[in-house]
Amino acid sequence: MHLAFGPAAEKTVTDPGASTSEAQAIEVASIEDLHVTFRRSGKDIAALRGVSLDIRRGEILGLVGESGSGKSVLGLALLGLLDARADVRGAVRVAGRDMAHCDQSARREVRRVHLGAVFQDPMTSLNPTMRVGRQVAEVAGSKDEAERLLGAVGIPDPASRMDAFPHELSGGLRQRVMIAMAVAGNPDLIVADEPTTALDVTVQAQVLTLLRSLRDEIGCSVLLITHDLGCAAQVADRVAVMYAGRLAELGSSAEVLARASHPYTLALLRSRLSLASDRTTSLLALPGEVPNPAAPEPGCAFAPRCDLAGPACLDAPPPPLEVRPGHLSACVVPAVEVTSRLAEVVRAAVVPHPEREPHNDDVVTLYRVQKSFRVGAGRTTRRLQALRGVNLTVGRGESVALVGESGSGKSTLLRIVAGLESFDGGKLEVAGPDCPQMVFQDAGASLTPWLTVGEIIGERLRGISRAERAAKVAQALAHVGLPAEVAKAKSAQLSGGQRQRVSLARATVVAPSILLCDEPTSALDVSLAASVINLIGGLRRELGMSVLFVTHDLSVARVVADRIAVMYLGRIVEVGDADQITSQPVHPYTQALMSAVPDMGREPVALRGEPASPLAPPAGCAFHSRCPKAIDDCGDALLDVRLTAVDRSAHHLAACIRATA
Amino acid sequence: MAIAEPVARRALRTTSRRKTRNLERKASVAAASLFGVVTLAALLAPVLSPDNPLMPAGAPLLGPGKGGFLLGSDSIGRDVLSRVLYGMRTSWFAALGVIALGLLIGGVIGLVAGATGGWVDNVLMRITDAFLALPAPVLAIAVVAALGPSLLHTLVAVSIVWWPFYARIVRGEIRNLAARPHVEAAKLAGAGRLRIAVRHLLPGAVPAALVTASLDIGNLVLTLAGLSFLGLGQSAPAAELGADTARNLSFLLQDWWVPVMPGIGVLVLAFIGNIAGDGVRNLIEPD
């Protein structure tokens, strides 16, 4: 246990159960008018442009923003870890010290005694050459304390894990080790920068629950930095929304969700996908992109994308004003007007999807497709069973989503359909004269860096004159909402959203029979993801393509797909119409995925454990080791779980002996 | 006054930082352009030389500055400056030739190995390893013994051991690039193997190969001079820096300039090669 004298001793008295409003008013950290400017290749990049924020004792404050909003810079400023060359104005007070300006030894002292940190990628923030027990003991003080902490953060069998190296642990366990190190020494404040972004959905829910229970137990505050408003609203007490280096809105989670007052927060809420999103209309995407931090607007940074922007918005950045007690919003338009005026705009923007004419022929047919990879060399060679017999059809013009966690084989399946990977057994038929086209997760990496966009798109147009080709390229670019000048640019000159549009233009310049999408939106900001999903849907209907869409997020799958196939460890465990799957999931795994989707105002329900290794899938039903409904028979090696019709329609199939028996 | 001060200081600091960066870039450009300067000097050796390097032009063994010889004259009265200039011309173009040949052979083998992968990659890389294991001097002695002494034969021997470096570098770059999604995207767009190799892979390997090659020039000048010093290069009476140093070594004590001046020529070439190579690297791979 950490013991301190003087002001720090107060925190040992703090009891979250008995905390009064008076005790909560004490701030563990306060940021006053913080400006941070970096200099990169001759340009001033204004990362923070005047942020004032208090973090109260014992609260979880969700800091939400898209990439470039400055949320991570704020986290680093709290930890006193900003680049020494950054130009910092304002104050960052933690435990009575200004972390932006005091000397390094004082910052170290504050970090050691008062702060803890959890970063996005635990693989890079843990020392790969050191056993985790020693790493935790370094901060905790003793081996026994380290073991106790590992147990406290929910690592099963902590005694044996003490001797493990970071690479021997799964992503979720590694993040728990990071959290154990962060809570060692009972800090006042834990800065958690995107702690769950690199994790699977089910594991993400576990980690969020853990953060929350740690706060309840030791009474520390948590600054939860995330790009997902839903994720923040679910666990945080208060939410701060940032845009372009300034605070847009700040208030209690319930207040911000129910009565959001800033047009940006409202736009985020509208473009955010949930299991309740309307499938029959296009999504309400936020137009435009995040502003360039090297050339900040003189007025409100959100004005160029805002439906309510008027001349008053262009003069000076609006200061956060109190709209209700404890609820701030930085908008010149009165809060009452914002909601009503936006509602009108929104009603006009909704476009219902046209009815799809059913086709009977299939574009892709997979029959008992199997695939395994060899892992390791020599005696240690093992077989990773990526696909263990998959049956699936995609009809003409139909959109099918493959949903599953990492290691489920969904991406392998997509690559096999694309012809980029061979398969070991079974049958695959792909209709159509031309080969399928694919949109990759990392659009930037899928564009050849030294070729221009025109050359890249034009690669699919052979045997026509140069002028015809240029015309078709311009047409394809116009289709995805890009100006013709983009043809002359190289991929490094484009933004993330533009790159994904270019790769869509390449895929559709000659309409393929099927478009394969490998998590095309997971690397994009929330506000852009919706517009890319709209674009894919629009292109599909216009060009009559089929779509096979891989995602780990059921709420995305639900809006892009007519049918959803849920995969676990190389097998489809449930398949059916998108509505059926998301309204009445039958397989326990689908049910677990559903409850893991971060949703506002709902407790995350965590599935225990992590996906089993595809190197050694459990016998019987591969899911039985994590299944809350498993019975003894489920682990029987002779058990052959097959997809069986759930209802009479034979449309909805599930592979579970408990669900269909 | 007191309020304005810190702002002014900050402004000053940023401009000076920008100046430093500009200066660095200019220095790199200047260094890289030394390649052009030396190549030009080598090309113009016949114009720049005061005398014929092969024919006596005055009294033998005159010291630097005497009898109209800027760097003195050698044992039979030839102008040392002219011999050094012609020697530099030989060494420089020989080095460039070996590197160009190495880039061509190594580039093609590296590209084929890296872009094809599998057993082709294995076979080509094992062959490359075998060539990499050959010691340059021993191979040069063998080649010269078999074909007779001549600069060309030495260059053949050096080229044989030089290309494998480039093959390895190009192959490594290509392997890295081949794993990127843009190659798969090109495959799906219908590009053939050749098109992928030439259009989607090769341009990515050029910067690394160029950086290595430009840093190699100084190295190669030294190797060639060393081989000539051992009598494995240019045969008399043609001028070559390494050979001139070796042949005139007996004059070192009384008439030092005869062996030392060509030696300084080697030094200057190697030095220029290295700083110019650094300049090229800074320009291609800034930080």
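Can you give me the C-alpha center-to-center distance between the stretch A:289-308 and the stretch A:425-474, rounded to a whole angstrom?
First find each Cα centre; the distance between them is then 34 Å.
Local charge sum around residue A:451 (other residues, Cβ-Cβ under 12 Å, Lys/Arg +1, Asp/Glu -1)? Could the numbers behind the result be given before it?
Details: positive: A:488, A:490, A:506, B:195, B:199; negative: A:455, A:459.
Net of charged neighbours comes to +3.
With contacts defined as alpha carbon pairs under 8 Å and 6 or more residues apart, what's the relative contact order of chain B in percent? Don't skip to the answer; put the middle values down first.
Numbers: 429 pairs, mean separation 68.8, N = 287.
Relative contact order here is 24 percent.
If you filter the stretch A:112-154 for trypsin sites (Lys or Arg not before Pro), then keep DSSP loop positions with at most 16 other Cβ within 10 Å, what is left? Write down the numbers at each step before the final one.
Numbers: sites: A:112, A:131, A:134, A:143, A:148; in loops: A:131.
Here the sparse-neighbourhood loop sites are A:131.
As a quick test, which of the pairs A:410/A:472; A:43/A:71; A:71/A:410; A:371/A:427 have an alpha carbon distance above 22 angstrom in this structure?
Details: A:410/A:472 33 Å; A:43/A:71 20 Å; A:71/A:410 32 Å; A:371/A:427 12 Å.
From A:410/A:472; A:43/A:71; A:71/A:410; A:371/A:427, over 22 Å: A:410/A:472; A:71/A:410.
What size of dipole, in debye to the nearest 20, comes out for the stretch B:4-284 about its Cα centre when the only charges are +1 on Lys and Arg C-beta atoms and -1 on Asp and Glu C-beta atoms?
Values: 24 positive and 14 negative charges, 311 e Å.
That gives the stretch B:4-284 a dipole magnitude of about 1500 debye.
Report, for the stretch A:492-644, the % of DSSP beta bridges that are antiparallel, rounded to 5.
Values: 6 of 11 bridges.
Restricted to the stretch A:492-644, the bridges split so that about 55 percent are antiparallel.
Using a cut-off of 17 Å between alpha-carbon atoms, which aspartates and glutamates can reach residue A:143, once sequence neighbours fewer than 8 places away in the same chain are excluded?
Within the straight-line limit of under 17 Å, residue A:143 reaches these aspartates and glutamates: A:157, A:163.
Output wanted: per-residue J couplings in Hz (rounded whole) for the stretch A:579-585, from phi through Karplus 6.51 cos²θ - 1.76 cosθ + 1.60, θ = phi - 60°, x for Gly and Pro.
Each residue's phi maps through the Karplus curve to give 5, 4, 4, 8, 9, 10, x Hz.
Determine the dipole magnitude for the protein assembly as shown: charges of +1 sit on the beta-carbon of Lys and Arg, -1 on that of Asp and Glu, nothing else is charged, the reference point is the Cα centre, and the result goes in debye to the nearest 20. If you can, show how the numbers build up before the last one.
Numbers: 93 positive and 89 negative charges, 388 e Å.
Charge dipole of the protein assembly as shown: 1860 debye, to the nearest 20.
Counting only Cα, what are the radius of gyration and maximum Cα-Cα distance Dmax of the stretch A:48-126, in Å?
Over the stretch A:48-126's Cα set, Rg and Dmax evaluate to 12.9, 33 Å.
In a Gaussian network model over chain B where Cα atoms closer than 10 Å are linked, find which of B:226, B:192, B:117 has the largest mean-square fluctuation.
Result: B:192 has the largest fluctuation of those listed.
For residue A:547, which sequence-distant residues (separation of 5 or more, or a different chain) have an amide H within less than 5 Å of its own amide H, given hydrogens modelled in the peptide plane?
A:398, A:399, A:400, A:515
When N counts the residues of the stretch A:263-349, how does its alpha-carbon radius of gyration compare numerically with 2.2 N^0.38 Å, as a ratio? It would help to have the intermediate numbers written out before the result.
Numbers: Rg = 14.1 Å, N = 87, 2.2 N^0.38 = 12.0 Å.
Ratio of Rg to 2.2 N^0.38 Å for the stretch A:263-349: 1.18.
From Cα pairs below 8 angstrom and at least 6 apart in sequence, can you work out the relative contact order of chain A, rounded to a whole percent? Show your work: numbers first, answer last.
Numbers: 1368 pairs, mean separation 84.4, N = 661.
Reported relative contact order: 13 percent.
In deg cm²/dmol and to the nearest 500, what is the mean residue ellipticity at 222 nm of the protein assembly as shown if only DSSP H runs of at least 4 residues count, each as -39500 (n - 2.57), divided by the residue total?
Values: 33 runs with 416 residues, N = 948.
So the calculated ellipticity at 222 nm is -14000 deg cm²/dmol.
Along the positive direction of the dipole of the stretch A:263-349 (beta-carbon charges: Lys, Arg +1; Asp, Glu -1; about the Cα centre), which of A:303, A:263, A:348 reaches farthest?
A:348
Taking amide H positions as placed in the peptide plane 1.01 Å from N, state which residues far from residue A:363 in sequence (5 or more) or on other chains have amide H under 5 Å from it.
A:394, A:395, A:396
Please give, to one decimal in nm, the separation of the simple spin-label points placed at residue A:40 and residue B:104, each 7 Å out from Cα toward the Cβ.
4.3
Applying 1/(1 + (r/R0)^6) with R0 = 30 Å to the Cβ-Cβ distance of residue A:465 and residue A:429, what FRET efficiency is obtained, to the nearest 0.05? Please report the intermediate quantities before stating the final value.
Values: r = 35 Å, r/R0 = 1.18.
Approximately 0.25, to the nearest 0.05.
PRE reach from residue A:542 (point 7 Å along Cα→Cβ): which of the stretch A:325-364 fall under 19 Å by backbone N?
A:349-357
Rounded to the nearest 0.05, what FRET efficiency is calculated for residue B:61 and residue B:134 with R0 set to 51 Å and r the Cβ-Cβ distance?
Approximately 0.80, to the nearest 0.05.
Can you give me the relative contact order of the stretch A:231-379 as a percent, contacts being Cα pairs under 8 Å and 6 or more apart? Don't jump to the answer; show the numbers that get you there.
On the way: 163 pairs, mean separation 35.0, N = 149.
23 percent.
Give the shape of the stretch A:6-258 as rounded, prolate or oblate, defined through the alpha-carbon gyration tensor: a ≥ b ≥ c are the square roots of its eigenvalues, a/c under 1.5 means rounded, and otherwise the shape is prolate if a/b is larger than b/c and oblate if not. List each step's numbers first, then the result.
On the way: a/c = 1.42, a/b = 1.31, b/c = 1.08.
Taking the square roots of the gyration eigenvalues as a ≥ b ≥ c, the stretch A:6-258 is rounded.
Rounded to the nearest 5, what is the percent of antiparallel bridges among the DSSP beta bridges in chain A? Don't skip to the answer; put the middle values down first.
On the way: 59 of 94 bridges.
Counting DSSP beta bridges with both partners in chain A, the antiparallel share is about 65 percent.
Using only the alpha carbons, work out the radius of gyration and Dmax of the stretch A:443-511 in angstrom.
10.6, 31
For the residue pair residue A:347 and residue A:374, what label-to-label distance in nm results when each label sits 7 Å from Cα along the Cα-to-beta-carbon direction?
Output for this residue pair reads 6.6 nm.
How fast does the protein assembly as shown diffuse by Stokes-Einstein, in µm²/s, taking the Kirkwood radius from C-alpha pairs at 4 °C and 1.567 mPa s? Numbers along the way, then the final one.
Working: Rh = 32.8 Å.
It diffuses with D of about 39 µm²/s by this estimate.
Over all alpha-carbon pairs of the stretch A:74-168, lay out the pair-distance distribution in 10 Å bins, whole %, shortest bin first.
That works out to 15, 37, 28, 17, 2, in percent per bin.
Among A:615, A:187, A:68, whose Cα lies farthest out toward the positive end of the dipole of chain A, if unit charges sit on the beta carbon of Lys, Arg (+1) and Asp, Glu (-1)?
Working it through, the farthest residue towards the positive pole turns out to be A:615.
Set the Förster distance to 35 Å, then compute FRET efficiency between residue A:640 and residue A:511 from the Cβ-Cβ distance, nearest 0.05. Intermediate results must be reported in sequence, preceding the final value.
Details: r = 41 Å, r/R0 = 1.16.
Using R0 = 35 Å, I get an efficiency of 0.30.
With the crude spin-label approximation of a point 7 Å out along Cα→Cβ, what separation in nm comes out for residue A:123 versus residue A:106?
Each label point lies 7 Å from its Cα, and together they span 4.0 nm.
Just the projected area, averaged over all directions, of the convex hull on the alpha carbon atoms of the stretch B:4-284: how many nm²?
Projected over every direction and averaged, the Cα hull of the stretch B:4-284 covers 22.5 nm².
With the dipole of the protein assembly as shown worked out from charges on the C-beta (+1 for Lys and Arg, -1 for Asp and Glu) around the Cα centre, which of A:464, B:144, B:226 lies farthest toward the positive end?
Final value for the positive-end residue is B:144.
Under 15 Å from the Cβ of residue A:99, count the other residues' Cβ atoms, weight Lys and Arg +1, Asp and Glu -1, and hand me the total. Please list the in-between numbers first.
On the way: positive: A:89, A:93, A:97, A:107, A:108, A:111, A:112; negative: A:27, A:32, A:33, A:54, A:83, A:98, A:103, A:109, A:188.
Net of charged neighbours comes to -2.
Here, each number is a calculation from the coordinates, and none is a lab measurement. Since this is a predicted model, take the numbers as computed values, not measurements. Please note: Cβ atoms are built from the backbone with ideal geometry, for glycine as well, and neighbour counts cover all protein chains shown.
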